[in-house]
Amino acid sequence: ARRPNRHGTVVIYVPSLRSMLRHAARRVRAVVGQPTGDASRVALNALAVKSHKLAAAKTDSMRYATTASNEPPTPLPFELGVVRHDWTTEEVELLYNRPLLDLVFDAASVHRRFHDPRQVQQCTLLSIKTGGCPETCNYCSQSSSWKETTELEATKLMGIADVLEAAKRAKEAGSTRFCMGTAWRGPSQVGKGQFDRVLKMTSEVRDMGMEVCATLGMLTPEQAKQLRDAGLTAYNHNLDTSPEFYPKVTSSRKYEDRLNTIAAVRDAGISVCCGGILGLGEEEKDRASLMRVLANLPEHPESVPINALVPVKGTPMENLTPPSGLEMVRAIAVARLVMPKTVVRLSAGRISMSPTDQAMCFLAGANSVFTGDTLLTTPNNEASEDDKMMTELGLVGRPAFVPYLAGGASSDGTDFKVSASIREGAELAARKAQTA
């Protein structure tokens, strides 16, 4: 029996494992022109292992994808829409290999079970300290390792007044979450004065009635607690890719460093924003592995950004091809299925996607976008284009401080000591749910 691909290959069920193995051996001999021998034994062993895995997941009569006939899709060997923390890479790969329209249908169904499908949060990301980063992320223009080829000039940390003015403009344009990013390895890299300034920015933007997110690099538990006390809503710290592929993305830190910061953020009571980037040269199995890691965290991230690589001239990854719009749709659909309650954010690279591609992403489960002229140092969609698309698709903005269904108590504000605004949002949502 052949594993069906995403394009609707007909599944052929052969009840006898022995005849199935013999069939594989004949195919190998036909392709490589060898008699029964090493090549056949390799095929037989591989198929036997695969058959054992399938049998462990479900009975022999169960198959993992739809057929090209008019029959309804064959059920998956697990229930969709269930919050789990025990996904295997093989299970996530089964989702990735679904025919795209079936995958989107499944994801859209789960999305509507937990979320308002018309509601899309608009977020604004501002680089408050650009360039001069000591990290060696091969996709990033802000690394000092390739400053000679990117020609990006490092800047100092912005002043508080300038940041507040940018936040005000973002709020007036419809954003309800304001994200601040620094090209740091972490606050420990800089002086106390600069981190204190970021804490002050956080408090004052929060007082404007906006959710506040920051991405400042690696944190210690104490730094995470300081950010929470300042009023930080969420902390962004992407895993970027799979654990297996990560060494090809950067050499200046380890995957465990990212996970340790995420744990410190969660322990401090801050919402977690953690996702990845598509198009770094990874294979689809790496994308499945990334989703597995995210979905198997002790608590699902409140939000998961799905980014497309924006190749920047002068970086080691400048010649890579970004993912297609449909690849982004597939990734978002899988994210929605393995993390049903999480907010999935359609992030960097959206500028190269058509309105139709983006509409498919929203259908598949995306319920947030980043707005503004730039995302850190890369270009982004114009506000007028986004407004037109939102109107045409019938989408509405997500208010600030609506409770996040995924994650911990930090998501609904029940134990947040700084501001009552997030608790007010939770109470308002609860009242609406009662009257609906």
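Averaging 1/r over every pair of different alpha carbons in segment 140-271 and inverting the result gives a Kirkwood radius of 15.9 Å.
I need the shape label for segment 88-132. Rule: rounded when a/c is under 1.5, else prolate if a/b > b/c, else oblate, with a, b, c from the alpha carbon gyration tensor. Since a/c reaches 1.5 but b/c is at least a/b, the shape of segment 88-132 is classed as oblate. In the calculated pair-distance distribution of segment 218-317, the portion above 20 angstrom amounts to 40 percent of the Cα-Cα pairs. Pairs from the table (K225/K248; K168/K313; K171/K313; K285/K341; K192/K313) lying more than 26 angstrom apart at Cα are K225/K248; K168/K313; K171/K313; K192/K313. For segment 254-345, trypsin sites (Lys or Arg not before Pro) meeting the loop criterion (DSSP other than H, G, I, E, B) and having at most 15 other Cβ atoms within 10 Å: K254, K313. Taking 4 °C and 1.567 mPa s as conditions, segment 101-154 diffuses translationally at an estimated 88 µm²/s according to Stokes-Einstein applied to its Kirkwood radius (Cα pairs). Measuring with a 1.4 angstrom probe and ignoring ligands and nucleic acids, D207 comes out at about 130 Å² accessible.
Placing T391, T136, T202 in order of accessible area, with the largest value first and a 1.4 Å probe, yields T391, T136, T202. For L405, the accessible area of its heavy atoms, probed at 1.4 Å with every protein chain present, is near 90 square angstrom.
Note on H300: accessible area approximately 10 square angstrom, rounded to 10, probe 1.4 Å, nucleic acids and ligands left out.
A simple packing score, the average count of other Cβ atoms within 10 Å per residue, orders the peptides 76-82, 231-237 as 231-237, 76-82, with the highest score first. When the Cα positions of A230, T241, A288 are compared along the charge dipole of segment 163-298, A230 comes out farthest toward the positive end, with charges on each C-beta of Lys, Arg, Asp and Glu.
The values are calculated or read from the model by the stated rules, or taken from the named source; none is laboratory data. Small disclaimer: the values here were computed from a predicted structure and weren't measured. All Cβ positions, glycine included, derive from the backbone under ideal geometry; neighbour counts span all protein chains shown. Areas reflect the complete protein model, heavy atoms only, side chains present, ligands, DNA and RNA absent. Shrake-Rupley method; radii C 1.70, N 1.55, O 1.52, S 1.80 Å.
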